[in-house]
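See structure below.
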Amino acid sequence: MNLVKFDLLGLGMLAALHGSFDLVREFHGTDWTLATLPKEEAEVYDMLCRPTRSGCSRSSPARRWPRCPGSKPRCFYDLVLEIALIRPGPIQGGSVHPFIRRRAGKEPIRYPHPSLENCLRRTLGVPMFQEQLMQMVVDAAGCTPTQADRVRRAVGSKRSADQIDALRAELYAGMAATHGISGATADEIFNLIAAFANFGFAESHSISFALLVYASSWLKLRYPAAFCAALLNAQPMGFYSRSRWLPTLAGTGSRCAART
């Protein structure tokens with residue numbers, strides 16, 4: 001029918017953060033925004049390393065992260081990686097456990113081929129972002145930016161798995177011609193690329209989610225009563241029932257009342 005499909009996504013956490021800032025301004029006389037929050041507070045990451053972090057923003061799959069040993073975010077980019085890693089693409093591509101082991105120093109960092117070190121260095125040799133996918137086909141298969149964009153569009157299409165498979169011969173030929181890559185190494189690289197057909201994040205997307213994680217965690221740490229009231233006002237949010245996260249904020253005491 002040649003109809004264009006738009007996904008209009010609403011995040012309840014944005015409403016909760018807005019309500020938190022309003023309550024903090026009203027009852028504490030302090031005006032905060034996402035842009036002015038103190039950066040890289042160690043106590044925020046300490047809290048995120050504990051199991052009592054319910055209520056803080058997470059995309060739905062990323063809430064499974066605490067079950068993965070070695071999840072110890074210590075800086076903002078750790079949150080970015082956390083959100084990107086627990087997605088269908090990296091999971092299907094087998095990136096999760098190698099990344100955790102490498103981050104914990106239990107496994108050496110390795111790259112499928114030396115040509116990929118430049119684009120995979122910051123993620124310890126495992127691809128997580130769509131931008132890395134495009135750079136991989138440029139570096140390993142000698143693709144032009146136009147060809148790399150074709151791969152990006154194939155990954156983002158409704159029939160992405162079929163379209164990526166249709167590019168198999170082109171990518172294998174490019175890897176062989178550019179670096180002499182063939183056999184098991186070529187298979188490993190192609191499988192990493194094909195895994196993104198099952199949905200991998202853009203880095204900018206992960207950064208945006210990570211900002212919500214940090215902001216909600218900071219507000220829970222510094223202004224727990226206002227944050228609790230704002231969460232109640234923002235219900236339903238589609239994740240975390242009140243019976244799950246409310247006990248972690250119980251006993252804070254506040255003049256902030258949920259205005260429902």
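Shown in residue order for segment 34-46 are the 3J(HN,Hα) couplings computed by the Karplus curve 6.51 cos²θ - 1.76 cosθ + 1.60 at θ = phi - 60°: 4, 7, 9, 4, x, 8, 6, 7, 4, 5, 5, 5, 4 Hz (x for Gly and Pro). Taking amide H atoms as placed 1.01 Å from N in the peptide plane, the amide H of ILE181 lies under 5 Å from those of ALA176, each 5 or more residues away in sequence or on another chain.
May I ask you to rank ARG153, ARG87 by accessible area, largest first, using a 1.4 Å probe over the protein chains only? Each step should come with its number before you reach the end.
Working: ARG153 125, ARG87 30 Å².
Result of the area sort, largest leading: ARG153, ARG87.
Given R₀ = 22 Å, what would the calculated FRET efficiency be for SER208 paired with LYS72, taking r from the Cβ atoms and rounding to 0.05? Write out the running numbers ahead of the final one.
On the way: r = 22 Å, r/R0 = 1.02.
With a Förster radius of 22 Å, E is 0.50.
Largest accessible area first, the residues SER115, SER204 order themselves as SER204, SER115 under a 1.4 Å probe with ligands, DNA and RNA left out.
Distances between placed amide hydrogens fall under 5 Å for PHE201 paired with GLN130, all partners being 5 or more residues away or on another chain. From the largest down, segment 1-45 spans 54, 27, 15 angstrom on the principal axes of its Cα atoms. Label-to-label distance, ASN118 versus SER182, with points set 7 angstrom from Cα along the beta-carbon direction: 2.5 nm.
Here the peptides 169-176, 103-110 are ranked by packing, the mean other Cβ count within 10 Å, and the order with the highest first is 169-176, 103-110.
Derived scalar couplings between HN and Hα for segment 13-27 equal 5, 5, 5, 5, 5, 4, x, 4, 4, 5, 5, 5, 5, 6, 9 Hz in order, rounded to whole Hz, by the Karplus curve 6.51 cos²θ - 1.76 cosθ + 1.60 (θ = phi - 60°), x for Gly and Pro.
The values are calculated or read from the model by the stated rules, or taken from the named source; none is laboratory data. Quantities reported herein were computed from a predicted structural model and do not represent experimental measurements. Ideal geometry is used to build each Cβ from the backbone, glycine not excepted, and the neighbour counts take in all protein chains shown. For the accessible areas, the whole protein counts, side chains as well, though only heavy atoms, and no ligand, DNA or RNA atoms are used. Shrake-Rupley method; radii C 1.70, N 1.55, O 1.52, S 1.80 Å.
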